[in-house]
Each structure stands twice: as C-alpha cells, then as structure tokens.
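Report on the following structure.
Quick note: the coordinates plus some simple rules give every number you see, no bench work behind them. Computed from a predicted structure; not experimentally measured. Because the Cβ atoms are built from the backbone with ideal geometry, glycine has one as well, and the counts that use them run over all protein chains shown.
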Amino acid sequence: MKEVTVQELKDMLDRQDEFQLIDVREPFEYEVSNLNGLNIPLAGIVIESDKIDKDKPVIIQCRSGKRSAQAVMVLEQQGFDNLANLKGGILAWKEEIDPEMDVY
C-alpha cells in the first residue's frame, strides 16, 4: 500500500498539487478537526466510491491511519489504483505540522 507522510501532504498542499483528499472518519470527528478533505465515513466508502476521483492522486486519511488503510484496501479491491494512505493520520498532522489543531 502506498503511503504519504504528513510532510509530503503539506508540501502537496503548499504547491497546490492536483489531488483529492478523502477523510474516512465519522462526521462528528470531522467537525472537531479536518484538513478540508471530502468526508466519506469508512462504513459508506464503497457506496459513495463514485465521489472518489479515478483520474488524479487520492489521499485517504483518518485519525491515526488505520481506518484509512482499510479504506485503501477496500477501494483497491473495487479497482482503484491511484490511492495513498496518510501515514499517522490527523494525529501525525497535529504532532508534526499544526500543534494548535484540536484533536480528540
């Protein structure tokens, strides 16, 4: 499974690279803190997979990287080949990029 670090994601955001960010946490988690990704909870990832881009890189993120890794595996079984997991999730983002970010 391809993974990107939070620093790599920050660099992509800073460069305004073209990619899609999907947050697979629950809506209440997304409300606490998010990176402006599209919120598709893990439980609905297959049902809502039509919202996920197939023509550009897609980074999947969650709180710690575990749920997003599950989402990547499930979506790869659906034929996606442009996915990467955000290593460490939003917890790593807080630790390495934005210490002021609220997380639960």
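Between 0 and 90 degrees, rounded to the nearest ten: what's the tilt of helix 6-15 against the longest Cα principal axis of the chain?
90 degrees
Please label the shape of segment 1-45 as rounded, prolate or oblate, based on the square roots a ≥ b ≥ c of the eigenvalues of the alpha-carbon gyration tensor (a/c under 1.5 means rounded; beyond that, a/b larger than b/c means prolate, else oblate). Walk me through the numbers before you get to the answer.
Numbers: a/c = 2.18, a/b = 1.66, b/c = 1.32.
Judged from the Cα gyration tensor, segment 1-45 comes out prolate (a/c at least 1.5, a/b above b/c).
Taking the structure as given and computing Cα extents along the principal axes in Å, which label from (1) 36, 33, 21; (2) 97, 36, 20; (3) 37, 29, 20 fits?
Working out Cα extents along the principal axes in Å from the coordinates points to (3).
Mind checking segment 1-59 for trypsin sites (Lys or Arg not before Pro) that DSSP puts in a loop (not H, G, I, E or B) and that have at most 15 other Cβ atoms within 10 Å?
K2, K54
Would you mind checking which residues have amide H under 5 Å from E3's amide H? H placed 1.01 Å from N; only 5 or more apart, or other chain.
So E3 has HN proximity to N85.
May I ask for the angle, rounded to the nearest 10°, between helix 66-77 and the longest principal axis of the chain, with both axes built from Cα atoms and the value confined to 0 to 90°?
20 degrees
At what distance in nm do the modelled label points of E100 and K51 sit from each other, each positioned 7 Å from its Cα along Cα→Cβ?
Computed distance between label sites E100 and K51 equals 2.9 nm.
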